[in-house]
Amino acid sequence: MCGRCERPLAACVCAWVQPTAHRVRIGLWQHPDEVAQAKNSARLLCLSLAHCERHAPADLGAPLPAHWLAPEMIRGLPYSFAVDL
């Protein structure tokens, strides 16, 4: 398995993934069922966006990561949240 894109080495896409600059910091809340999917689109999205962080809780009722809400962690960029359901 590739440690970066989390795909089998034979299907690694890291050579083609280039982070895109953007002005909004993205916090992606990944559905637990999607973590095990081979496509792992949430991981690919985070690799493709310069300011993206994925959170994949085992339980959908888990609270948001505290640093997503801390102003000092935003570093001047507004935050946007996406949910992968």
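Quick notes on this structure:
- Residue check for Val24: of a type in the set (Val, Ile, Thr), at pLDDT below 85 and under 16 Å from the mean Cα position of the chain (by Cα): yes
- Test: residue in region 40-59 that is open to solvent by 80 Å² or more (accessible area, probe 1.4 Å) and either closer than 18 Å to Arg4 by Cα or in contact (Cβ under 8 Å) with a residue 60 or more places away in the chain (or both): no
- Taken over region 45-85, residues that are modelled with pLDDT under 75, in a strand (DSSP E or B) and in contact with a Pro (Cβ under 9 Å, 6 or more places away or on another chain) amount to 0.
The values are calculated or read from the model by the stated rules, or taken from the named source; none is laboratory data. Since this is a predicted model, take the numbers as computed values, not measurements. Quick reminder, even Gly has a Cβ in these numbers, built from the backbone with ideal geometry, and neighbours come from all protein chains shown. We work out accessible area using only protein heavy atoms, side chains counted, and drop any ligands, DNA or RNA first. Shrake-Rupley method; radii C 1.70, N 1.55, O 1.52, S 1.80 Å.
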